[in-house]
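Q: Quick one: the structure is below, and I'll ask about it shortly.
The values are calculated or read from the model by the stated rules, or taken from the named source; none is laboratory data. This is a predicted model, so every value here is computed, not measured. Here the Cβ positions follow ideal geometry from the backbone for every residue, glycine too, while neighbour counts run over all protein chains shown.
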């Protein structure tokens with residue numbers, strides 16, 4: 001019996017549906033990685049602006065060898081059709097197919113990996129079911145809306161031996177790598193403290209087409225949208241013109257933690273990486289923040305200033321850009337930008353953002369890029385493209401530059417910062433047990449119920 005016949009028979013034998021509407025899944029190894037063509041077929045789940053710039057750009061416009069976009073899946077028909085059309089114009093064929101339901105995508109044996117670029121509340125559930133289906137995955141930041149969901153995802157990824165790449169992007173940037181290399185190799189001396197900052201909600205509410213904090217007036221969803229699917233595991237609420245947009249998805253607590261996670265994922269990830277703390281995190285949290293008025297559509301943390309402490313005594317101050325600006329502007333020869341991570345050691349400091357890496361040793365500025373590392377020093381590696389690194393790791397089965405554990409641990413910082421603000425009291429955290437100590441009310445905030453029939 002030929003291998004191709006064996007695969008067809010296997011698919012036929014396991015075809016069907018499982019509980020809660022999830023199909024019985026045929027692992028992609030039945031087809032994709034073992035296929036004679038050795039082409040890795042990728043499905044884009046979520047095909048809005050982020051997927052169009054990142055996934056379309058890096059897998060179709062600047063493709064790695066042997067990887068192609070096979071499926072465009074989205075709750076909006078016009079988005080998935082537009083994405084598939086753009087891919088097919090590049091390929092010169094109808095290779096990429098628009099599909100409405102992600103469950104159909106996961107059931108397909110010719111799909112090797114999924115790139116998840118949906119709203120935040122769908123990140124972990126989609127990744128979880130992709131893991132059960134044996135699909136490797138690239139998941140946009142932030143990780144999700146409940147830590148309990150993330151812990152279930154960790155088990156699924158480990159049990160099914162799939163590759164998970166976190167889409168923070170900055171780990172593949174040269175300036176960020178250099179900053180982390182300087183810290184981890186001890187060039188700024190013993191690390192003492194860290195500052196992280198990023199934009200807050202105030203950068204969004206000034207949009208002319210959006211009422212401050214979003215319109216709460218109910219209306220009908222667009223005709224080409226599956227609103228039930230978009231809401232998914234979140235509570236069902238009336239549709240409004242600002243709910244199912246990027247802005248609504250960023251700043252409505254049912255679907256996200258706000259920019260404290262959505263933007264905070266970037267500087268926090270670099271802080272953790274620089275400390276070589278991808279498997280742990282701070283043990284104490286305390287801070288303040290502002291929440292929009294009661295009754296607002298947008299109800300995530302609007303602005304914040306949180307101090308975290310690690311077990312080794314290193315203190316990290318995590319701020320929105322408005323709180324950070326007067327602090328950062330005091331730094332000599334470091335231009336102001338609304339995001340960044342600064343590491344302070346007893347022999348100097350290094351600060352990094354998307355504009356560059358700035359090094360100061362013993363009070364004097366030093367060119368970070370020309371600073372020579374020793375041959376024995378630790379190097380970041382991983383290439384300069386996060387998506388291509390994922391594709392490479394799908395082939396080699398090696399850990400990517402931004403694995404799941406790094407995503408869970410940095411996302412935990414955003415969640416605990418959110419909880420310490422919302423409860424109005426300090427939190428103690430055990431990173432080994434991943435548990436809040438002696439605070440039952442705060443502990444419950446690590447979980448969220450999932451709306452039926454969705455489950456993990």
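Q: Considering segment 130-156 alone, what residues qualify as being surrounded by fewer than 24 Cβ atoms within 10 Å (Cβ to Cβ) and part of a loop (DSSP other than H, G, I, E, B)?
A: Within segment 130-156, 134, 146 meet the criteria.
Q: When only residues in segment 395-411 that are part of a helix (DSSP H, G or I) and touching a helix residue (DSSP H, G or I) at 6+ places or on another chain (Cβ under 9 Å) count, which is surrounded by the fewest Cβ atoms within 10 Å (Cβ to Cβ)?
A: First, the residues of segment 395-411 that are part of a helix (DSSP H, G or I): 395-396, 404-411.
Of the ones still in play, those that are also touching a helix residue (DSSP H, G or I) at 6+ places or on another chain (Cβ under 9 Å) are 404-411.
Values: 404: 26, 405: 17, 406: 23, 407: 29, 408: 22, 409: 22, 410: 29, 411: 27.
So the residue we want is 405.
Q: Still on this structure: Looking only at segment 311-354, which residues are more than 28 Å from residue 286 (Cβ to Cβ) and either free of Cβ contacts under 8 Å to residues at least 40 places away in the same chain or part of a strand (DSSP E or B) (or both)?
A: Passing the criteria: 332, 333, 335.
Table: residues versus (1) touching a helix residue (DSSP H, G or I) at 6+ places or on another chain (Cβ under 8 Å); (2) not assigned by TED's automatic domain parsing to the domain that holds residue 269.
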position: 385; (1), (2): yes, yes
position: 393; (1), (2): no, yes
position: 413; (1), (2): yes, no
position: 419; (1), (2): yes, no
position: 427; (1), (2): yes, no
position: 438; (1), (2): no, no
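Q: In segment 434-442, is there at least one residue being closer than 20 Å to residue 268 by Cβ, out of contact with any strand residue (DSSP E or B) (no Cβ under 7 Å at 6 or more places or on another chain) and in contact (Cβ under 8 Å) with a residue 60 or more places away in the chain?
A: yes
Q: Among 418, 377, 430, which is over 25 Å from residue 179 (Cα atoms), in contact (Cβ under 8 Å) with a residue 40 or more places away in the chain and surrounded by fewer than 16 Cβ atoms within 10 Å (Cβ to Cβ)? Lay out the reasoning, then the answer.
A: Values: 418 fails: surrounded by fewer than 16 Cβ atoms within 10 Å (Cβ to Cβ); 377 fails: over 25 Å from residue 179 (Cα atoms).
None of the other options fit; the residue is 430.
Q: Still on this model: Can you tell which of 186, 206 is part of a loop (DSSP other than H, G, I, E, B), surrounded by fewer than 16 Cβ atoms within 10 Å (Cβ to Cβ) and modelled with pLDDT under 95? Before the answer, list the steps.
A: Values: 186 fails: modelled with pLDDT under 95.
When all the criteria are applied, what remains is 206.
Q: How many residues are in contact with a helix residue (DSSP H, G or I) (Cβ under 9 Å, 6 or more places away or on another chain) and surrounded by 22 or more Cβ atoms within 10 Å (Cβ to Cβ) if we restrict to segment 298-327?
A: Taking segment 298-327 first, the residues in contact with a helix residue (DSSP H, G or I) (Cβ under 9 Å, 6 or more places away or on another chain) are 298-306, 308, 316-322.
Next, only the ones that are surrounded by 22 or more Cβ atoms within 10 Å (Cβ to Cβ) stay: 298, 300-302, 304, 306, 308, 316, 318-320.
The total comes to 11.
Q: Something else now. So which of 62, 70 ends up being over 24 Å from residue 244 (Cβ atoms) and buried (at least 23 other Cβ atoms within 10 Å of the Cβ)?
A: Working: 62 fails: buried (at least 23 other Cβ atoms within 10 Å of the Cβ).
Testing whether each residue is over 24 Å from residue 244 (Cβ atoms) and buried (at least 23 other Cβ atoms within 10 Å of the Cβ) leaves just 70.
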